[in-house]
Structure formats: C-alpha cells, structure tokens
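Asks: Structure provided below as structure tokens; questions to follow.
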Amino acid sequence: MKLKINLKTRLPMILALLVGVALGVGGIMGVQKFILPASTPSTQAGNASQTKQVGPLVDLGEFTVNLQGGSFLKTSLTVEGTDAKADTLLKSKVAFMKDKVNSVLSNKSLVDVQTPAAREKLRQELINNLNEVADNKITDVLFISMVYQ
C-alpha cells in the first residue's frame, strides 16, 4: 500500500501553520517589549530602595482561646521588631505579650476574625496593645496559622 502525499493540497495548510506560529511568536515578543517593558537598572534600584527592611522576628507561639459567642480560635503569632536592638527587648517581654494577646483575642467574636478586613483590624489592635508592653518596638504581627470554629 502506497501513501500518496499531495504536496499541492498540503502546502497551504503548512504555510498557514507557519504564518500562525510566526505571528504568535512575534506578538508575544512585541507585547513583552512594548507593553510590558522589562525592568531597567534604574527601576530595579528604585524598587530596592522601597523594599521594606524586615526587623527581627519573635515567635509568640500558639494561642487557643474561646471567642465570645461560644466559638474558639487557634492561631500562631509572630511579631516583627523595629530593629536588631528590639530583638532582646521583645524576647524579654514574651510573657507580657502573650498575656496581651490572650486578653485581646478572648474579647473577640467569630465575626471579628473571619474576613480579611476583620483580621487586618485585629492585626492593628494587636500591634497597638503589644506596643504598650514592648515600648513601641513592634512593627507588625504575623498570623502564621489561624483556625476557628
């Protein structure tokens, strides 16, 4: 059995395929060059200066509290200090910070922890309360894990 390949009928399909591939590759390259310009060294230098410096991280551990209304919350927290000097102070105040966290969390309801906006509000409240015992050396509170029911 011989297969007969008719080049005249296949040639337009092959050319259409090649033109399509060329247009696709050219389109992608055009988008990358003109619409999404690559970062230049001056742009990268500007981004580097805007990058936030991370302070020392102090793990406060895991907290399990009963929320108002009968629900419970289990979360792990880490605090970020302002600078290297804050690390020693924060580590010496861990017990006081844990007490503050328990006080704040146990006065919350399930609604106060469910949405991202509510968690952000809780984060700010924790930062404010923890800074009372940490001499304003805390810049952020990180929720490492959070489970509620």
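Bear in mind that the values in this text are calculations on the coordinates, not laboratory data. As the structure is a computational prediction, the values presented were derived from the model and not from experiment. Note that we place each Cβ from the backbone using ideal geometry, even for glycine, and neighbour counts take in every protein chain shown.
Asks: Could you tally the net charge around residue 117, taking each other residue with its Cβ under 15 Å from the Cβ of residue 117, Lys/Arg +1 and Asp/Glu -1?
Replies: The answer is +1.
Asks: Kirkwood hydrodynamic radius, computed over distinct alpha-carbon pairs, for the chain: how many Å, to one decimal?
Replies: 20.2 Å
Asks: Hey, another quick one. First select every other residue whose beta carbon is under 13 angstrom from the beta carbon of residue 93; then total the charges, Lys and Arg +1, Asp and Glu -1.
Replies: Counting the neighbours of residue 93, the net charge comes to 0.
Asks: Could you tell me which helices of the chain pass both thresholds, a Cα extent of 20 Å or more along their own axis and a mean Kyte-Doolittle hydropathy of at least 1.6, with helices taken as whole DSSP H runs?
Replies: 7-30
Asks: Too long at a 20 Å Cα-Cα cut-off: which of 100/121; 91/121; 108/137; 100/137; 74/108?
Replies: Pairs exceeding the cut-off: 91/121; 108/137.
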